[in-house]
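This report concerns only the one structure given below.
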Amino acid sequence: MSRIGEIIETMSTGFVAESFELNRPPALGSLVVVRLPDEAGARATEVDLYAVVTYGRTAGIDPSRRAVRRSTDEVFDQAIYRQNPELERTLRTEFCAALVGFASGGQMYQHLPSQLPPLHFSVHHPTAQEVQRFTNRLQYLRLLAPPYAAPAAASGAGQVPPLQVVAANVRWVYKARGRDEEWLKAAAREIATLLKSDHEALLTVLYAIEPVHATDAVEES
Amino acid sequence: MPLKLGPISGQVQSMAKALVEQFPVQEDYLRRARKHLRSADVDRLRAKLERHFGRQPRFPWLVAKPLDAGQRLYQQGLAGTTSAPPAPRDFCVVGTDGSSIPPDRHSPVRYYVVNVGYALITYGSEPSAVLDSQSQLCFEDRDMYVFPKEHEAPLEGVRFGARMEGESLRILRDVLQASTRPIVVLRDGPLTLWTLQNEEEKVQHALLRDFLDAMSFLRDSHIPLGGYISFSGSRDVANSLRVLICEGQPGQCHGCTSDERDLCQALATIRDRDLFANLEEGQRSELFASSSQVLEAYGDQRADFFYFNAGGEIARVEVPRWVSLTDEQLGLLHAVIHDQCQRSPGFPPYPPALLEAHEQAVITVSERRLIEEMVEQSLGQLGHHVTRSAKDDSKRRRGV
Amino acid sequence: MFKSLGLVVDGTFNSGLIVRLNPGVSLEQLRIGNFVVVDGQHNRYFSLISDMQLKATDPRMLSDPPRQASPFVAHTLAGTSTYATVEVKPMLMLEKVDETDADALLAEGTGPQPVRTIPMHFAELREATELDFATVFGQEGGSNFAMGMPLAMDLPICLNLDRFVERSNGIFGQSGTGKSFLARLVISGVIKTRVAVNLIFDMHDEYSFDKQTEDGHFVKGFKQLFGSQVLVYTLDEQMARRPGRNADVTLKIGLNQIEEADIVLLSEQLNLRPTAEATIGLLHDVYHDRWLLKLLEMTQEELDEFCRASGAHPASMASLQRNLKRLPRQDYVLPEASFSTLDDMVEALDRGKHVILQFGRHNSVLDYVLVSNLVTRRVRHRYEEKMRRYEETQKVGQEPRPLMITIEEAHKFLNPAVAGQTTFGTIAREMRKYNVTLLVIDQRPSGIDDEVMSQLGTRVAGKITEERDIEAVLTGVSNRSALRGALASLDTRQQILIMGHAVPMPIVMRTRTYDQEFYRAMGARPNTAASAEADISDLFGD
């Protein structure tokens, strides 16, 4: 099932959704999509809103109820959930996502949509082709990277530093595109352009996205 | 804000001092009391209780009466204990609780809101949980009066409370489904709705109808029911002990010459939970029958009780007579309560099923306000504007 | 397809354009002096790279550069956070026409123009294509002579020899930069295209016959390349008789042909005192053209007598006589000689022959300077006469053929001290008044008089590193700053910078190789007996 959550707060810059699976929100930095039918309800011209997951959190549904320690020597980790089935009902996992673009009429756009995502609509995993098509252009990174990204509060309690979100997104897209080295190099350059006046910030991101194996020699173009 | 904390703080300290000085004395009384519990001659107690209380319709003391259940009970006087049997691998526990927005005296509109919360938790090989609530707004005559046709006995105060208790059990009919697993129902609070004791009989019957119907439903479904009272303040057994040691007429203490007079007087303030503080974790006390007058209206659903060590506090558990007399059901209930307390995240332990039921039942202040606004808006749309009482307005506005 | 190098981000008309290089373009792939093209919206600017700079978007990075950066990080930073700019100087501009019509492009009536404007921001800089080279330098053929190729391409860059011989020119470069090869190329071109006739003063016997190069192999001389078109004169009789390398004419000069100015020019070589000039003047006053003969004949008494009579200083006279006695000792010096040999030579030149004067054993500086200056004076004199006659009659066919005189060690003739007195100085300043120009070859251009230097139309330069020499070569050239760097960064062999009258814009190139292919291109034919006969008749007329 590609539905992974439901929007419970929505703003022009993004939304907060409750994840259907407890403790398993979509990965930080991953691309998610909200599918809107057009105004007439016909699916032919629907609009798909793309967003990048910027934050995740699991806590009691009732904000005044805080989690307490439940483990014992015999019962710990996943067993706690079997032991206390009501936890599935009293806890919820939320995630925040920042809007980075949308698809309409077969075209991809990488700026904020004029309408915000409707409350209670589903959040989906995008298809592999959607990821490919959307990330072929890199302008969407401008909506995530400081200093042009929306302020943290606006995109929903973002307590993850925006640089880390950008890095997480790049790593995720790189894998989703089948370890596309060329894309990674292009994305790194785009980020270098955006962070040109703060090289420590740039290095923070570059160190977080460079391919892991030392033998991955990147060829000079 | 204008509370003067200065003088109060001194008084708090005096109180603390006095309290602490009492502890060793209390311990001594408790020891002696427990000794009496252990050595109690149950038949003699039964006879005494019959003699002194059997005649009177109402006695100032609530006492705990030994059950008529043959030789299997009361092997150690009144101090017998039973350890919790192991809970079955797969079972269900249902907790229910109710909450309400009572009729608002300051509002010209007469209505109230009932919210019953329940938690149906399944443990074992396929754990799951259903947490939900049922809410209703009541405004019709049949909701507002015990006898709607005659507009008699408006539902206010304790009557309203009793109606609430009924609602909290009525929901079980909708919630419980046939299952191969053993099910236990717990409710927050007593089964004995003693608040109704001053009502006329016909009112009592009317108000208890839903409550008792639900209990019958459970009996017919072979589902044991328990009313769980945390940190009980009851003194039934303490009173029975006083009767037991009394050498004269219980209650007529003037001129008493007994050696145990001091103990008797102490027992006047000692609570059952202190008496049974020596229960081990998971153990329950003997079963006792309650002498509450209102139980006359319960018929064969009358409630008995026992004390239980939840592992941090002594709780009082009330069960219908049909559970007391069925070992299997009593054992299951005991096992499940113990199991629940072991799963409790907090301290002292409290059954999660009841905790969640309560959370489902709770109506917040903002929800309260929301209902008020909904009502006002609805009426407003139809052209009728609501004005509240002056007192209420002054409380809300609090202008200077 | 051309490669885009970067975008224009800054610049002024006077100092050039600043181009921000694209990521992926490394400075190390470019060279100072490279021919590049800026595509503006309306014009195309043919330019040279004149400077390079390293930059960083965040200067803080430079105080703490990332150490141990992985190849990935380094690759990302290159061209984005760290980047390079090049300064380019537009040299020519061309109004843009329809790109797809290459013929229209080349047939553009007016061709590239001097630069009068600059492109707007973000105009693209790219490598020059074949079409660009052809547009600017024209295609090979006619008087367009291929001198070499661009550093990274295989297509000919041409020197317009018509324009080349319109002025005096210079070939410069440190020793070992192959100036004689450059001279060979240029002169071959002039011979092949017949835009002028050549008179070459071959001090080191390099140009006439086969010569062994530093590398050990032999290269052809002009005589072998062009056969009877070339006449070899020599001062050295012995050399004239060598088989297969024999000269056509032996030249002698007479003491009567030597003038005051010749002697003054040789002050250093003859070890003359400063008073020599004055003394000679006194002699000339009395004896006129025969002053030298007379002086050399004079006995001691006659010397004294003369001194008494003229007021000349005896010691000066004595020393002068003593020093000048060297002259008749030279094998090629006769007491008297007629000018007819030289006049015949001029006629041969006018008939289209090229003359190389070899010095053979007599190649000391004294010999070279004396003979070259003397011969040239005569040649120029004859040319002056011819020119005047032509101006009077204006008869077609009367105009004397353009003559290019090649001299080496030019600073000996053209240093500031003597430039005013040598014929060469005169010719340089006259600027082809009489259809005579110079081709000066030198490794110390700073030794040449500024005024002369500024008259040199085209300068062909190999690598030069001396500041003074660089400044000298660039005297009177616009866009000096752009070219300074180019000059200093040339490769020692086979890379040159050509600037000036004969090229539309300064250009760095690899020189054409002087080899078999070149010989074939020059249409070399073997020196057969038949052509030897033709030589003789050519020499002496019909």
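Charges were assigned to the Cβ only: +1 to each Lys and Arg, -1 to each Asp and Glu. The resulting dipole of segment B:301-400 about its Cα centre is roughly 660 debye. Axis angle, to the nearest 10 degrees, between helix A:162-176 and the longest C-alpha principal axis of chain A: 80 degrees. When the Cα gyration tensor is reduced to axis lengths a ≥ b ≥ c, the ratio a/c is 1.5 or higher for segment B:51-173, and with a/b not above b/c it is classed as oblate. Between B:Gln76, B:Gln177, B:Gln283, find the one with the highest GNM mean-square fluctuation for chain B; connect C-alpha pairs within less than 10 Å. Top of the fluctuation ranking is B:Gln177. Cα centroids of segment C:186-213 and segment B:227-264: 143 Å apart. Which shape class, rounded, prolate or oblate, goes with segment B:91-363 when its Cα gyration tensor gives a ≥ b ≥ c as root eigenvalues, a/c under 1.5 marks rounded, and past that a/b bigger than b/c marks prolate? Oblate is the answer for segment B:91-363, as a/c is 1.5 or above yet b/c matches or exceeds a/b.
Exposure here means at most 12 other Cβ atoms within 10 Å; with GluC sites (Glu not before Pro) in a DSSP loop as sites, the longest stretch of chain B lacking them is B:1-139.
Simple rule: put +1 on each Lys or Arg Cβ and -1 on each Asp or Glu Cβ in chain B, find the dipole, and look at B:Ala361, B:Tyr145, B:Val158; the Cα lying farthest toward the positive end is B:Val158.
For segment C:1-83, chymotrypsin sites (Phe, Trp or Tyr not before Pro) meeting the loop criterion (DSSP other than H, G, I, E, B) and having at most 16 other Cβ atoms within 10 Å: C:Phe2, C:Phe13.
Scanning residues 5 or more positions from C:Thr234 or on other chains, those with amide H under 5 Å from its amide H are C:Val249, C:Thr250, C:Leu251, C:Gln358, with H placed 1.01 Å from N in the peptide plane. Between C:Gln68, C:Ser168, A:Ile80, the Cα set farthest toward the positive side of the dipole of the protein assembly as shown (charges on each charged residue's Cβ, about the Cα centre) is that of A:Ile80. Our Cα-only numbers for segment C:256-328 put the radius of gyration and Dmax at 10.8, 29 Å.
Judged by the ratio a/c of the largest to the smallest principal axis of the C-alpha gyration tensor, the protein assembly as shown counts as prolate, that ratio being 1.5 or greater while a/b is larger than b/c. Diffusion coefficient (Stokes-Einstein, Kirkwood radius over C-alpha pairs, 25 °C, 0.890 mPa s) for segment C:4-140: 152 µm²/s, rounded to a whole number. Kindly flag which residue pairs out of C:Lys179/C:Lys220; C:Lys211/C:Lys433; B:Lys48/B:Lys202; A:Lys185/C:Lys89 have an alpha-carbon separation exceeding 25 Å in this structure. With Cα atoms farther than 25 Å apart: C:Lys211/C:Lys433; B:Lys48/B:Lys202; A:Lys185/C:Lys89. Here the spin labels are modelled as points 7 Å beyond Cα on the Cα-Cβ line, and at C:Thr299 and C:Asp331 they lie 3.4 nm apart.
Relative to the Cα centre, what is the charge dipole magnitude of the protein assembly as shown, using +1 at the beta carbon of each Lys and Arg, -1 at the beta carbon of each Asp and Glu, and rounding to the nearest 20 debye?
Charge dipole of the protein assembly as shown: 2100 debye, to the nearest 20.
List the trypsin sites (Lys or Arg not before Pro) in segment A:174-203 that DSSP assigns to loop (not H, G, I, E or B) and whose Cβ has at most 14 other Cβ atoms within 10 Å. Which are they?
A:Arg179
Measure nothing fancy, just the Cα-based angle from helix C:340-350's long axis to the longest principal axis of chain C, in degrees from 0 to 90, nearest 10. For helix C:340-350, the angle is close to 30 degrees.
For segment B:91-363, what is the charge dipole size about the Cα centre, in debye to the nearest 20, if Lys and Arg each add +1 at the Cβ and Asp and Glu each add -1 at the Cβ? Could the numbers behind the result be given before it?
Working: 23 positive and 40 negative charges, 38 e Å.
Once rounded to the nearest 20, the dipole reads 180 debye.
Rounded to the nearest Å, what's the spacing between the alpha carbon centres of segment C:403-431 and segment C:254-317? Just the number, please. Value for the Cα centre distance between the two parts: 24 Å.
For GluC sites (Glu not before Pro), the sites in segment C:282-346 that DSSP calls loop and that have at most 15 other Cβ atoms within 10 Å are C:Glu336. B:Lys395: which lysines have alpha carbons under 28 Å from its alpha carbon, excluding same-chain residues fewer than 8 sequence positions away? Here the lysines satisfying the reach criterion relative to B:Lys395 are B:Lys4. Most simply put, segment C:4-140 has about 95% antiparallel DSSP beta bridges, counting only bridges with both residues inside it. Measure nothing fancy, just the Cα-based angle from helix B:42-53's long axis to the longest principal axis of chain B, in degrees from 0 to 90, nearest 10. It is inclined by approximately 60 degrees. Since only C:Ala482, B:Leu267, B:Leu5 are under comparison, the one whose Cα sits farthest along the positive direction of the charge dipole of the protein assembly as shown, derived from C-beta charges on Lys, Arg, Asp and Glu, is B:Leu267.
Read the figures in this text as sums done on the coordinates, not as results from a lab. Model, not experiment: these values are computed from the prediction. Counting neighbours? That spans all protein chains shown, and the Cβs are built from the backbone with ideal geometry, glycine included.
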